[in-house]
1. Sort through 23, 41, 27, 10 and tell me the only one that's at pLDDT 95 or above, hydrophobic (A, V, I, L, M, F, W, C), under 22 Å from residue 133 (Cα atoms) and in contact with a Ser or Thr (Cβ under 6 Å, 6 or more places away or on another chain).
2. All but one of (1) modelled with pLDDT under 95; (2) within 12 Å of the ligand (Cβ to nearest atom) hold for residue 80; which doesn't?
3. If residue 82 passes every condition in (1) touching a helix residue (DSSP H, G or I) at 6+ places or on another chain (Cβ under 9 Å); (2) farther than 12 Å from residue 30 by Cα; (3) not charged (D, E, K, R) but one, which one does it miss?
4. Suppose the filter is within 20 Å of residue 30 (Cα to Cα) and more than 16 Å from the ligand (Cβ to nearest atom); does residue 97 pass it?
5. Pull out all pairs, ordered by first then second residue, where Cβ-Cβ is under 7 Å, the residues are six or more apart or on different chains, the first lies in the stretch 6-22 and is more than 16 Å from residue 40 (Cα to Cα), and the second is more than 10 Å from the ligand (Cβ to nearest atom) and hydroxyl-bearing (Ser, Thr, Tyr).
6. Output the number of the condition that residue 115 fails; it satisfies all remaining conditions of (1) in a loop (DSSP other than H, G, I, E, B); (2) under 19 Å from residue 21 (Cα atoms).
7. Among what's in the stretch 5-34 and is within 20 Å of residue 164 (Cβ to Cβ) and in a helix (DSSP H, G or I), pick the residue that is farthest from the ligand (Cβ to nearest atom).
8. If a residue has to be in contact with a helix residue (DSSP H, G or I) (Cβ under 7 Å, 6 or more places away or on another chain), away from the ligand (no atom under 16 Å from the Cβ) and among the polar types (S, T, N, Q) to count, how many in the stretch 131-174 make the cut?
Amino acid sequence: MKFGDVKIEAIKGDITKQDDIEAIVNAANAQLQMGGGVAGAIHAAAGKELAEETKSLAPVRVGEAVVSGGHNLPNKYIIHTLGPVYGFNQPEEEFLANCYKNSLLVAEETNIKSIAFPAISTGAFGYPFEAATEIALSTVRDFAKEAKSIQLIRFVLFSEKDFQHYHDRLNSIK
Ligand code: AR6
């Protein structure tokens, strides 16, 4: 889908394998250390220098985003954002929207042209997938209208079912 000059797309895949993307987003923990899920995969692929670098950027607050180098990943940058724990960090809709908004703001400050997001908070943090999808898509769509450097926003979904849901919703948003 095109919003203004920005292409928004969804694919099924692994966030650590986005070779053609300048910045990938990490569904991080507050300490910006390894953890499981996306954070585990990103730290494993980037190498231990990533945890060294992010030490000085931590802790991050819920909804905040910070940028680091990509180290051994194919991406120049990693943008780390801390999603809300569903049912605990409230209002969770606002916190989750802030994750997407602040990641995009950091990307624009860094003059990044392409960015890939995982489905933040929908794993260990328990956010219901459908509700999280609506927030992700509407926040990114609104941002795309005023984007400056960003030309491509990609959602990378881990399962076929999650991808299908994004695909269907992306085709219906205006
Ligand atoms: N590529 C793309 N998506 C993935 C990948 C991958 N390699 N691995 C998992 N997903 P999660 P959260 C999907 O738990 O809910 C960590 O331990 C997954 O299916 O990574 O924000 C951190 O240290 C799910 O839909 O992130 C934090 O403590 C989505 O990515 C905490 O978990 C997010 O799952 C963050 O929890």
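The values are calculated or read from the model by the stated rules, or taken from the named source; none is laboratory data. This one's a predicted model, so the numbers in the text were calculated from it and none came from an experiment. Heads up, the Cβs are rebuilt from the backbone with ideal geometry, glycines too, and the neighbour counts pull from every protein chain shown.
1. Criteria check complete, one pass: 41.
2. Among (1) modelled with pLDDT under 95; (2) within 12 Å of the ligand (Cβ to nearest atom), the lone unmet condition for residue 80 is (1).
3. Against the list (1) touching a helix residue (DSSP H, G or I) at 6+ places or on another chain (Cβ under 9 Å); (2) farther than 12 Å from residue 30 by Cα; (3) not charged (D, E, K, R), residue 82 comes up short only on (2).
4. Answer is no for this residue.
5. Between residues of the stretch 6-22 that are more than 16 Å from residue 40 (Cα to Cα) and residues that are more than 10 Å from the ligand (Cβ to nearest atom) and hydroxyl-bearing (Ser, Thr, Tyr), the close pairs are 10/166; 21/114; 22/77; 22/114.
6. So the condition that residue 115 fails would be (1).
7. Per the stated criteria, the residue is 17.
8. Counting residues in the stretch 131-174 that are in contact with a helix residue (DSSP H, G or I) (Cβ under 7 Å, 6 or more places away or on another chain), away from the ligand (no atom under 16 Å from the Cβ) and among the polar types (S, T, N, Q) gives 1.
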